[in-house]
Structures are given as structure tokens and as C-alpha cells.
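Before any comments, here is the structure.
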Amino acid sequence: MLLHIDPRPLYELSPYLFMQFAEPLGTADSSIDAAWDFKNHTWQPHVIEILKELAPTMIRWGGCFASYYHWREGVGPRRIPMHNICWDGIYLNQVGTHELAQLTRSIGSELLLNVNFMSEGQKKWMEPVPGDNRVGSAEEAAAWIRYCNDPGDKLRLSHGVKEPYNVRYWQIGNETGYQPPSFTEPGFTSRENALHAAEFIKAMRAADPSIRIIVWGDGPNQVWKERFRNGELSDWTADVCCEAGDGAELVAFHNHFGGDEEFALLNGNGYRKDPDLTWALLRQAAKDFNDRLEYMHKSVLPYGKKLAMTEGHMVHTCRDRTGLMASWAAGVMYGECFNALQRHGEVIEIATLADFMGNRWNSNAVILPAPAWVPGSRPYLLPVGHIAKLYRHHIGTHALKVEAAGTTVDAAASCTGNKLFCHLVNRERRTPQQIELAVNGKAVKKFKVWEISADPELEMMELCTHALDPVERIVATGEYTLPGASVAVVEAEI
């Protein structure tokens, strides 16, 4: 199979295609609490170690939790515990703004903060118990920006923090449009989302004109696919972009894919019954993911804004700890998804394909041991984490056009100067593919490959944490055999 690569750069690829997002998940997954050392008031050393390995370029603090979060409860010497409405349990607020800034700085990452957007207009978030007002205002968001970025902010200085945190990225709204109108308490309409977002933008810009603001711009999950098939665009994107004008740079959406009825056979342990069918459904799930990207790409393009896919992963019903997302078959699917992000990199500035870290959810990038003190117990990456790590460390700054003669290999290409990167995914479960590279019609005779190849039915667990470590190969003949069910990155000088 010949891969034709045009070395002329198409557009710049954002470094934030490898974002992770942090959210205290209460009793659903100990996540933040499992990563925090409550005895020594710092992050668990083994967490810092594996996060440096994963090297996420950005960490977002948000999720549904943002809809009832008051940031002042999580700063300073006296923290105020809060009811974690969505995920149940009590969040102690021991990890707040300062601790998040410490984490991102310690691993060379950047922080994105999701403000409380009037509880998304949903009564269930606003007052969970009488007298506990959880609604966030534009003034509260602006005060948080000043706390983070104003060198003279009195509250931060009173907490003994002299240097500002300099948080550049701020998101307004989290899944604001995902409650269908049929719900008893549907939350904001598209028009209300746009009008209130404009109010927040005005207040936040006044606090710091230099920040990059993300507004919510996607409608109910139940309707996007029908609109896409009908050639329609997102009405939520249109409304918020028209109302926000030049006030916001990015439009947020979430890409939770592969959860429709057509994927029901993957639920529970069903994916183990017919590996060939599972493989085929995962290819369809990757297409589902790409269709959502294309829908949002077309929707935002007329307004000259960028996209922020601040949450994304495949959804299915299974056991929490492992399940399908722990399998290498899912890892190959995520390779296709990361390739799709590059192909839509003209408009995508921020993206994630995992729920970061915790000890139960199979959609995490990192599984943490619980409890952390058990001898020999170490955090490990699930397949999506391995793919994110591989791509994060081997990718160019600018996208290139690549054409594959055939459909069995999914390819994306990029470059930094005269160094070429080509990301390859073998869609065939068993059949290897012979690969040749040609740049401007000239064969590439020598290149280096980082390859992850494994049995698609392999499931990651603590007993095999190195099973998906990439193998480095030197190709001197110009031909490379890409194994079945594998993901690889080719590097070459051009």
C-alpha cells in the first residue's frame, strides 16, 4: 500500500488536541481524591510520575460538577465541603484553584477552568437542599478570573500567593444543550444560552481582556445525527456565535459516541462473544465520532471560531473497572479517533478522548491504585492513554495531506520543519499491510517507526501494564509491514 504525502503544510495543529479533564466524581469514581495525598497536602507522587509520562498539554477543571461549584469554597486555608450533586457524596474542596495550578505546573501542562454558568438553567443543580444556593453568576466568574490573573488581587494575596496563576482558557457552560426539551426541567434553550453567555463574556472580558473564552454551542445528543444526515447544521452553534460576536474565540461541544442502539451488542460482556463483530462495531463507532466532528466543523466554520471538544469518549454499559475500553481493540479505535482530530485540526483547538484518571471508570486514561499505599501497586494507562501518549510525543506542528491507496489503513500526517510524522492505524484485525511512503512522488527509503501491536482481545490490567509499550523499529528498505490491529507512528526526514 502506497501512502502519498504532500509536504506542503495545510494548517497549524493545536498542541491542545491531547487535553485531559479533571472532575471530582464522588462515589462514582474517586478520581481527584484518589490522586490527592491528604496526609501531606499534595498530589500523590506516583500520580505526578504517570502524568508526566502521559504529558497532557492541558487539564480542564469542569464537567457537570461545574454546574454547582463555587470556586471560593476551594481556595485559602479554610475549605468548605460541598454536596457533589451529580456524582453523590461530599467533596471536601481540598483540591481547588491553587492545587490545580500546582498540578499543571508540575507536569508542564496548562489549566482550563469551567465557570458555573447559572447552573445551566437546571433546577436540579440550583438548590439541592433548602438554603444551599449553587447558582453561579457572571460576577462570580469574573472574580475567579481576577483571583487567578490579577497580580494585585487582594483575596489571592491574602492566601499567601503572590504570583498570579495566569489561566488563559475559560469555558462558559457544560453540556448546556444536552437536556432534551421533553425533560421536566430542560434547562436553558438555545436562545437563553446565547443571551446569558453574552452577559458572562462581557463580565469576564472586563476582568481580563487577554483570556480565551469558550462558549457552549451544541444541542441535544438525541438530535445531532438526524440533523447531520439531513444536511443541517447546529442551531445552538449559530445562536451563540451570532450573539457572542467577537467576544468568544471557541465553541464547546462534547463527543460521547457509539452509544446508540446499533452498538448494544457491545454492552456488558457482549463484546467478548463475537470478536469479529466487536471489531466491526468499533470501526463504526470511529465513524460515529468522525461524523460528529464533521457536523460541528461545518457548523462553526462560517463564524471563524475554533472548536473545543472538552469531553469525548465512547459510551457503553459495562463493568466499571475494565470492560471493552480496557481492550486493545478499543485502543485501535481510539487511534482512528485521534487521526480524525488531526484531519479536522483546521478548526479544533482543544480535544480530549478520555475521562483522565480514577480507579473505576473504564473511560479513564489512567487507572489509579486504591488504596495507594498497597506495596507494588502502581497507576497504569488504559489503551486510550497509550495512544494519547504515543501521539503526544510523536506529532508535527502542521498538518499534511496524505492519500492512502485503499481503505484498510487509516492515515494522518504532519510535519515540523523537514521532519515528517505519519500516524497509521490498521483497520484489519488480522491482516498485516505492506506500507511504502512517497513524498512528492519520491519514495522514502529510510524511516523510524514506533509501533503498538497486540492481540485485540488483550485487556489492560495491573498485571500487564507494559503490554502496550511501543516498539521502536528502524526501516532501511523503504517498506514497512504494519501488523493487523496495530497503531504506529512513522518519522522521517523530508
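Below, the figures for the structure above:
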{"item": "Hits in segment 443-468 - residues which are surrounded by 12 or more Cβ atoms within 10 Å (Cβ to Cβ) and part of a loop (DSSP other than H, G, I, E, B)", "result": "VAL444, LYS445, ALA454, ASP455, PRO456, GLU457, LEU458, MET460, MET461, THR465, ALA467, LEU468"}
{"item": "Members of segment 15-42 that are part of a loop (DSSP other than H, G, I, E, B), surrounded by 23 or more Cβ atoms within 10 Å (Cβ to Cβ) and out of contact with any helix residue (DSSP H, G or I) (no Cβ under 9 Å at 6 or more places or on another chain)", "result": "MET19"}
{"item": "Single match in ARG343, ARG392 (criterion: in the same structural domain as GLN44 (by TED's automatic domain parsing), surrounded by fewer than 24 Cβ atoms within 10 Å (Cβ to Cβ), under 18 Å from PRO15 (Cβ atoms) and under 14 Å from the mean Cα position of the chain (by Cα))", "result": "ARG392"}
{"item": "Residue match in segment 2-12 (condition: hydrophobic (A, V, I, L, M, F, W, C), under 25 Å from PHE421 (Cβ atoms) and at pLDDT below 95)", "result": "yes"}
{"item": "Elements of type helices (runs of 4 or more DSSP H) contained in segment 84-162, each with 3 or more residues being among the polar types (S, T, N, Q)", "result": "97-106"}
{"item": "Residue match in segment 58-76 (condition: modelled with pLDDT of 95 or more, more than 29 Å from ARG212 (Cα to Cα) and surrounded by fewer than 17 Cβ atoms within 10 Å (Cβ to Cβ))", "result": "no"}
{"item": "Selection within segment 411-420 - farther than 11 Å from LEU3 by Cβ and surrounded by 13 or more Cβ atoms within 10 Å (Cβ to Cβ)", "result": "SER414, CYS415, THR416, LYS419"}
{"item": "Residue list for segment 158-193, restricted to those being in contact with a Cys (Cβ under 8 Å, 6 or more places away or on another chain) and buried (at least 22 other Cβ atoms within 10 Å of the Cβ)", "result": "VAL167, ASN174, GLU175"}
{"item": "From ASN166, ASN133, residue being on the phi > 0 side of the Ramachandran plot, without any contact (Cβ under 8 Å) to a residue 24 or more places away in the chain and in the same structural domain as GLU249 (by TED's automatic domain parsing)", "result": "ASN166"}
{"item": "Qualifying residue in segment 434-442 (condition: surrounded by fewer than 20 Cβ atoms within 10 Å (Cβ to Cβ) and assigned to a loop (DSSP other than H, G, I, E, B))", "result": "yes"}
{"item": "Any hit, segment 416-424, residues being under 24 Å from LEU54 (Cβ atoms), part of a strand (DSSP E or B), hydroxyl-bearing (Ser, Thr, Tyr) and under 23 Å from the mean Cα position of the chain (by Cα)", "result": "no"}
{"item": "Tally, over segment 351-410, of residues that are part of a loop (DSSP other than H, G, I, E, B), touching a Lys or Arg at 6+ places or on another chain (Cβ under 9 Å) and small (Gly, Ala, Ser)", "result": "3"}
{"item": "Extreme residue, surrounded by the fewest Cβ atoms within 10 Å (Cβ to Cβ), among residues of segment 194-212 that are in a helix (DSSP H, G or I) and small (Gly, Ala, Ser)", "result": "ALA206"}
{"item": "Qualifying residue in segment 46-61 (condition: of a type in the set (Asp, Glu), in contact with a helix residue (DSSP H, G or I) (Cβ under 8 Å, 6 or more places away or on another chain) and not in a strand (DSSP E or B))", "result": "yes"}
{"item": "Qualifying residue in segment 162-183 (condition: out of contact with any strand residue (DSSP E or B) (no Cβ under 6 Å at 6 or more places or on another chain), among the aromatic types (Phe, Trp, Tyr) and at pLDDT below 95)", "result": "yes"}
{"item": "Hey, ASN221 closer than 16 Å to HIS344 by Cα and not in a helix (DSSP H, G or I) or not", "result": "no"}
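The values are calculated or read from the model by the stated rules, or taken from the named source; none is laboratory data. Being a predicted model, the structure only gives us computed values, none of them experimental. Cβ sites come from the backbone with ideal geometry, for glycine too, and all protein chains shown count toward neighbours.
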